[in-house]
1. Report, by residue number, each residue of region 1-55 that is of a type in the set (A, V, I, L, M, F, W, C), at pLDDT below 95 and loosely packed, with under 10 Cβ neighbours inside 10 Å.
2. For region 27-51, what are the residues that are more than 22 Å from Val100 (Cβ to Cβ) and either of a type in the set (Ser, Thr, Tyr) or in a strand (DSSP E or B) (or both)?
3. Within region 94-110, how many residues are without any contact (Cβ under 8 Å) to a residue 60 or more places away in the chain and either open to solvent by less than 30 Å² (accessible area, probe 1.4 Å) or part of a strand (DSSP E or B) (or both)?
4. Consider Ile146 carefully, then state whether it is loosely packed, with under 15 Cβ neighbours inside 10 Å, among the aliphatic types (A, V, I, L, M) and not in a loop (DSSP other than H, G, I, E, B).
5. Could you pull out the residue among Asp117, Asp153 that is without any contact (Cβ under 8 Å) to a residue 40 or more places away in the chain and either of a type in the set (Lys, Arg) or assigned to a strand (DSSP E or B) (or both)?
6. Can you find even one residue in region 52-64 that is part of a strand (DSSP E or B) and closer than 28 Å to Thr133 by Cα?
7. Looking at this structure, is Ser151 open to solvent by less than 70 Å² (accessible area, probe 1.4 Å), out of contact with any helix residue (DSSP H, G or I) (no Cβ under 9 Å at 6 or more places or on another chain) and either at pLDDT below 95 or within 17 Å of Leu13 (Cα to Cα) (or both)?
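The values are calculated or read from the model by the stated rules, or taken from the named source; none is laboratory data. Quick caveat: nothing in here was measured; it's all calculated off a predicted structure. In this analysis, Cβ positions are derived from the backbone assuming ideal geometry, glycine residues included, and neighbour counts consider all displayed protein chains. Just the protein is used for accessible areas: all its heavy atoms, side chains included, with ligands, DNA and RNA removed. Shrake-Rupley method; radii C 1.70, N 1.55, O 1.52, S 1.80 Å.
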Amino acid sequence: MAGEKLVKRCQKLAFYGVTEQDSTTYYRMTGFTEFSKSANPKEYTRQYIDEEHERNDVVGYSPSFSYEFDQFAENPVHLDIAAITDGEKTGQDAVRSILVVDLTQESAGSYAAVKRDFAVIPDAEGNSTDAYTYSGSMKSTGEKVIGTATSEDGWKTATFTEGND
């Protein structure tokens, strides 16, 4: 249709929270060849005795991301995921915040953003002969938090503010 503008994949940036000394920095997830989201809705399905068909309702969501990246030395996100994988971390030691910023929704210098905690669940590493790769999934461990994001370094890092200001 005339006048419609395509949203590019690079206009929805993902940031990964790395905590160091009681402070979390959201680093842009660079070098990723895959980072796709699945909604994973939870359905309530039933059939009433007086009806010929089933009824379905969505009663919840359990979002997840599948990821794969080419490992780059000194990349804080890659180093953290590699540490979770190589250290076989479990429980809260493998939970990180993911921040997704929508660069198509700007208001007064801030952009729409959603933050949520995810368990990093490694799957494979070293699947390429060209670059060392890691892959796996990240599955939600909590509620999403709506807010806005800004950056002062060209979106290498992001600052998140909760709320719909």
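1. Of everything in region 1-55, those that are of a type in the set (A, V, I, L, M, F, W, C), at pLDDT below 95 and loosely packed, with under 10 Cβ neighbours inside 10 Å turn out to be Met1, Ala2, Leu6, Cys10.
2. As a first pass, look at region 27-51 and keep what is more than 22 Å from Val100 (Cβ to Cβ): 43-51.
If the condition is that a residue be more than 22 Å from Val100 (Cβ to Cβ) and either of a type in the set (Ser, Thr, Tyr) or in a strand (DSSP E or B) (or both), then Glu43, Tyr44, Thr45, Arg46, Tyr48 are the ones that fit.
3. Applying the first criterion (without any contact (Cβ under 8 Å) to a residue 60 or more places away in the chain) to region 94-110 yields 94-95, 105-110.
Adding the requirement that they be either open to solvent by less than 30 Å² (accessible area, probe 1.4 Å) or part of a strand (DSSP E or B) (or both) leaves 94-95, 105-107, 110.
Looking only at that region, the number is 6.
4. Working: loosely packed, with under 15 Cβ neighbours inside 10 Å: yes; among the aliphatic types (A, V, I, L, M): yes; not in a loop (DSSP other than H, G, I, E, B): yes.
When the stated conditions are applied, Ile146 passes them.
5. Working: Asp153 fails: either of a type in the set (Lys, Arg) or assigned to a strand (DSSP E or B) (or both).
None of the other options fit; the residue is Asp117.
6. Filtering region 52-64 down to residues part of a strand (DSSP E or B) leaves 55-61, 64.
Okay, now just the ones that are also closer than 28 Å to Thr133 by Cα, so 64.
Yes: one or more hits.
7. Working: open to solvent by less than 70 Å² (accessible area, probe 1.4 Å): yes; out of contact with any helix residue (DSSP H, G or I) (no Cβ under 9 Å at 6 or more places or on another chain): yes; either at pLDDT below 95 or within 17 Å of Leu13 (Cα to Cα) (or both): yes.
The answer is yes for Ser151.
Listed here are the residues, each with its yes/no results for (1) in contact (Cβ under 8 Å) with a residue 40 or more places away in the chain; (2) farther than 21 Å from Phe32 by Cα; (3) polar (S, T, N, Q).
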position: Gln92; (1), (2), (3): no, yes, yes
position: Ala112; (1), (2), (3): no, yes, no
position: Ala131; (1), (2), (3): yes, no, no
position: Ser135; (1), (2), (3): yes, no, yes
